[in-house]
Amino acid sequence: MSASIRFLMCSPDHYDVDYVINPWMEGNIHKSSRDRAVEQWQRLFHLLKERVIVDLVTPQKGVPDMVFTANAGLVLGDNVVLSRFYHKERQGEEPFFKQWFEQQGYTVHELPQDLPFEGAGDALLDREGRWLWAGYGFRSELDSHPYLAKWLDIEVLSLRLMDERFYHLDTCFCPLTDGYLLYYPPAFDAYSNRLIEMRVAPEKRIAVGEADAVNFACNAVNVDRTVVMNQASNDLKRRLAEAGFEVLETPLTEFLKAGGAAKCLTLRVTEPIQPEVHAAAAVESRTIRLEGHLIDSGVMNRTLDAVVEGGGSFQILNFQLGVQRQSTSVAEVKVTAPSHDVMEKIMSQLIDIGAVRLPQELSDAQLEPIVQAGVAPDDFYVTTIYPTEVRVNSQWLRVQNQRMDGAIAISQTSNGTVARCKLLRDLEIGEDVVVGIDGIRTVRKPELREQRNTQQEFSFMGAGVSSERRVELVVEQIAWELRKIRDQGGKVVVVAGPVVIHTGGGNHLSQLIREGYVQALLGGNAIAVHDIEQSLMGTSLGMDMKRGVSVRGGHRHHLKAINLIRRCGSIGHAVEQGALTSGIFYECIQHRVPFSLAGSIRDDGPLPDTKMDLIEAQADYARLIEGADLILMLSSMLHSIGTGNMTPAGVKMVCVDINPAVVTKLSDRGSVESVGVVTDVGLFLSLLVQQLSQLTSRYQLTQTV
Ligand code: ARG
């Protein structure tokens with residue numbers, strides 16, 4: 001027996017399952033047998049007493065879970081951090097444990113109110129005393145970890161629990177003598193698993209399967225080379241034996257009904273201090289400020305979800321609710337993350353949502369020079385579609401040429417310092433690039449409710465995708481929008497695939513161009529080829545467009561079309577020479593609507609107009625969408641997504657495709673301005689043209705009245 005090791009236990013005089021605060025308790029209210037519980041507890045008590053000194057704390061009525069002394073607090077040397085229970089059902093235990101520790105002469109540290117921490121249930125010392133593993137996610141708050149580091153002067157490694165069955169760290173994680181670790185990896189998130197793997201060598205990690213985990217095999221009491229637990233599979237016993245451990249099984253089924261077993265029923269109150277070990281907590285905190293219609297726009301929810309889902313935690317320091325319909329709210333939120341890496345990931349999402357740092361926490365953006373043309377430094381900030389500003393020399397600079405998936409390049413020009421959004425390939429030596437997450441903010445103007453409503457009206461399926469039934473309604477709105485843009489001299493860009501021709505939409509699109517509704521057309525080789533084939537031969541890929549049957553030898557038609565244009569030199573020349581007299585591209589030439597055709601590996605020909613250099617094609621697209629008010633994407637996944645990638649927030653996008661996946665992908669950019677319509681594009685265009693002419697006749701009517 002090791003005279004220097006002491007454990008604290010509490011006899012189960014008042015033990016029962018009286019409430020449900022973890023999944024194990026569900027369905028077990030008053031289902032445990034007191035007699036059997038007492039017998040099982042006694043056996044554990046005697047097993048331990050043969051090896052260590054066991055102290056007892058007096059059980060109390062009304063706090064049935066007090067048997068689980070692991071949750072009394074966390075002891076290291078003479079210091080104890082008292083638990084602050086998450087659930088009110090257990091908070092009544094706190095004064096009794098506090099009294100016991102004080103009587104024993106410990107220095108008792110108490111966490112601030114409302115900062116839950118459940119003692120040694122969620123904090124386990126490495127058995128060599130090198131550091132403290134601390135769990136969070138269910139019962140203990142991440143923000144408690146820096147206090148542990150400070151008060152106990154030890155390095156704290158934060159582990160995030162993900163499976164509610166393993167709500168306390170000690171239910172799925174058990175450091176053993178000599179640096180071994182018994183644990184159930186799926187109970188942790190990926191980051192925590194990586195951390196464990198970094199600290200514990202592979203030969204020291206004893207991972208258990210689910211069957212052992214649910215028998216609470218990890219909820220074990222380790223004294224030297226002995227491990228006491230409820231139950232272990234033969235395989236686990238063998239593996240522990242190979243590592244030099246003797247397993248003592250002692251049934252604790254009555255306590256499993258409350259979600260605890262051997263380890264939970266004990267608290268080691270003698271934990272030697274390693275003199276060379278000192279405080280360190282990787283936990284980082286930052287305070288962010290949010291302003292806007294935080295509640296009704298869902299920004300608050302999104303922010304808090306991003307923090308928690310990203311592995312962090314939060315505390316709302318201040319919330320000023322805008323009480324009038326039009327007034328905005330302001331929130332200050334303290335964000336905590338287990339490490340710098342996790343903080344960076346969370347913060348970059350919060351920046352996209354529109355969060356800004358508090359003025360006193362603000363710093364300039366971190367810059368790193370380009371050392372290889374076309375290559376950004378690691379950790380460069382990846383841009384979004386939202387207007388962005390960066391702080392350089394204490395000044396906020398608006399980033400020019402905003403688009404997603406770029407880097408922010410800072411350069412000195414005759415006009416001073418300029419921040420520009422650039423694609424990786426365009427980065428040049430001599431420029432600096434923004435890295436990390438400091439000094440970056442996205443500008444989300446808090447629109448008035450009224451404005452928001454009109455926008456929502458337009459994007460009434462912004463979040464989802466319309467069904468056939470609603471198509472007519474959407475088309476009516478799009479027609480109205482097109483009309484408005486045309487009348488105001490705005491810009492509409494159409495992106496179209498060959499399906500427009502196959503589904504009989506060619507004439508309608510031609511009409512839109514003729515009537516001035518389209519200011520630029522983007523596509524690939526195919527739409528032009530099929531449009532020209534139809535115009536010359538009445539077929540689209542050999543199908544007779546009037547009769548809907550294939551024409552003998554029709555499969556050659558599109559090549560003849562290509563050949564003709566090649567002979568003329570370009571589509572424009574073909575129109576000039578009178579060889580092409582109708583169709584979408586004919587109308588473009590006639591009405592000086594610029595178009596750009598981006599090539600691909602499957603192109604036949606190609607037409608002389610098709611740009612086979614894709615970098616050039618991307619630049620050409622980008623030029624044509626500049627200043628667009630609306631982009632109408634018609635059944636071309638490739639070109640629509642390509643265009644979407646270049647488009648900043650604020651440009652309305654309408655995506656029409658029979659394939660809901662394409663529509664979702666495009667309307668899912670997190671921008672309220674995109675509308676998805678799942679329908680046949682030919683049908684869509686015919687409805688659109690019809691609606692527009694109705695608008696016109698209504699308009700003429702009001703003019704004459
Ligand atoms: N019913 C108790 C609770 O949910 C069980 C505590 C188990 N203790 C532990 N250290 N895992 O709080």
Okay, strands (runs of 3 or more DSSP E) sitting entirely in the range 402-446 with 3 or more residues that are out of contact with any helix residue (DSSP H, G or I) (no Cβ under 7 Å at 6 or more places or on another chain), I get 407-413, 416-422, 432-435
Picked from the range 146-159 (must be part of a helix (DSSP H, G or I) and either in contact with a Leu (Cβ under 9 Å, 6 or more places away or on another chain) or β-branched (Val, Ile, Thr) (or both)), the residue nearest to the ligand (Cβ to nearest atom) is Leu148
Of those in the range 1-15 that are within 15 Å of Leu252 (Cβ to Cβ) and part of a loop (DSSP other than H, G, I, E, B), the residue nearest to the ligand (Cβ to nearest atom) is Tyr15
Condition set within 48 Å of the chain's Cα centre (by Cα) and of a type in the set (S, T, N, Q), scope the range 30-46, selection farthest from the ligand (Cβ to nearest atom): answer is Ser33
Filter the range 605-649 for residues that are without any contact (Cβ under 8 Å) to a residue 40 or more places away in the chain and under 25 Å from the mean Cα position of the chain (by Cα); the one that is surrounded by the fewest Cβ atoms within 10 Å (Cβ to Cβ) is Ile641
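Could you go through the range 161-178 and let me know if any residue there is more than 24 Å from Val67 (Cα to Cα) and of a type outside the set (D, E, K, R).
yes
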From the option list Arg567, Arg547, Arg592, single residue qualifying as at pLDDT below 95, surrounded by fewer than 20 Cβ atoms within 10 Å (Cβ to Cβ) and charged (D, E, K, R) is Arg547
Heads up, the strands (runs of 3 or more DSSP E) in the range 47-144 (entirely inside) with at least 1 residues that are under 20 Å from Ala281 (Cβ atoms) and within 16 Å of the ligand (Cβ to nearest atom) are 73-76, 79-82, 123-125, 132-136
Of Ile288, Ile316, Ile353, Ile295, the only residue that is under 15 Å from the mean Cα position of the chain (by Cα) and either within 16 Å of the ligand (Cβ to nearest atom) or among the β-branched types (Val, Ile, Thr) (or both) is Ile353
Being at pLDDT below 95, assigned to a loop (DSSP other than H, G, I, E, B) and under 46 Å from the mean Cα position of the chain (by Cα): is that true of Gly504 here? yes
Of the residues in the range 595-604 that are in a loop (DSSP other than H, G, I, E, B) and of a type outside the set (Gly, Ala, Ser), the one that is surrounded by the most Cβ atoms within 10 Å (Cβ to Cβ) is Asp603
Selection over the range 361-383 where residues are within 18 Å of Lys345 (Cβ to Cβ) and without any contact (Cβ under 8 Å) to a residue 60 or more places away in the chain yields a count of 8
**Message:** Take Trp24 and tell me if it is within 15 Å of the ligand (Cβ to nearest atom), under 40 Å from the mean Cα position of the chain (by Cα), part of a helix (DSSP H, G or I) and in contact (Cβ under 8 Å) with a residue 12 or more places away in the chain.
**Reply:** yes
Within the range 161-218, the count of residues that are more than 22 Å from Ser313 (Cβ to Cβ), surrounded by 19 or more Cβ atoms within 10 Å (Cβ to Cβ) and of a type outside the set (Ser, Thr, Tyr) comes to 13
Note: among Val63, Val38, just one is under 19 Å from His168 (Cβ atoms), touching a residue at least 12 places away in the same chain (Cβ under 8 Å) and surrounded by 13 or more Cβ atoms within 10 Å (Cβ to Cβ), namely Val63
Check your understanding: Is there a residue in the range 257-267 that is in a strand (DSSP E or B), out of contact with any Pro (no Cβ under 6 Å at 6 or more places or on another chain) and within 16 Å of the ligand (Cβ to nearest atom)?
Key -> yes
For the range 364-383, state whether one or more residues are farther than 25 Å from Gly137 by Cα, modelled with pLDDT of 95 or more and touching a Pro at 6+ places or on another chain (Cβ under 7 Å). yes
Of (1) without any contact (Cβ under 8 Å) to a residue 40 or more places away in the chain; (2) of a type in the set (D, E, K, R); (3) in contact with a helix residue (DSSP H, G or I) (Cβ under 8 Å, 6 or more places away or on another chain), Glu155 fails just (1)
Of the residues in the range 219-254, those that are within 16 Å of the ligand (Cβ to nearest atom), touching a residue at least 40 places away in the same chain (Cβ under 8 Å) and crowded, with 17+ Cβ neighbours inside 10 Å come to Asn219, Ala220, Val221, Asn222, Val228, Leu252, Glu254
Within the range 584-599, the residues that are without any contact (Cβ under 8 Å) to a residue 24 or more places away in the chain and under 11 Å from Asp609 (Cβ atoms) are Ile589
Scanning the range 160-183 for residues that are within 16 Å of the ligand (Cβ to nearest atom) and in contact (Cβ under 8 Å) with a residue 60 or more places away in the chain, the one farthest from the chain's Cα centre (by Cα) turns out to be Cys174
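The values are calculated or read from the model by the stated rules, or taken from the named source; none is laboratory data. This one's a predicted model, so the numbers in the text were calculated from it and none came from an experiment. Ideal geometry is used to build each Cβ from the backbone, glycine not excepted, and the neighbour counts take in all protein chains shown.
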